[in-house]
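Structure in structure tokens, see below.
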Amino acid sequence: MSDLLSVALVCAGTLLAQDCSRETALDVIVSPARTPMECVMHAQTMAAAAGLPGGDDRYLKISCEHRRTEGEPLVVARRSF
């Protein structure tokens, strides 16, 4: 099992990037990844394959998260595009 999760967040264009999270996103796409590079590439590919509409009303934020166990705090490495 992979230790990384590739996460693509679709957020409203009116939402600041630092406020875009799983809780505030319009849509969330998650998939396992083996390496940090695969994590970033996979999230972009997932979003493109999902046919997410572009424009000023929404944007894509990609993050790579370490898979966690029950009771373990969430650790997130973020990269916005």
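All of the numbers you see were taken from the coordinates with simple rules; none came from a lab. On a predicted model such as this, the values are computed, not experimentally measured, just so you know.
Based only on the alpha carbon positions, what is the Kirkwood hydrodynamic radius of the stretch 6-56, in angstrom?
It works out to 11.6 Å.
Compute the length gained on full extension between LEU16 and ARG68: take 0.36 nm times their separation in residues and subtract their Cα-Cα distance, giving the result in nm to one decimal.
Gain on stretching LEU16 to ARG68: 16.1 nm.
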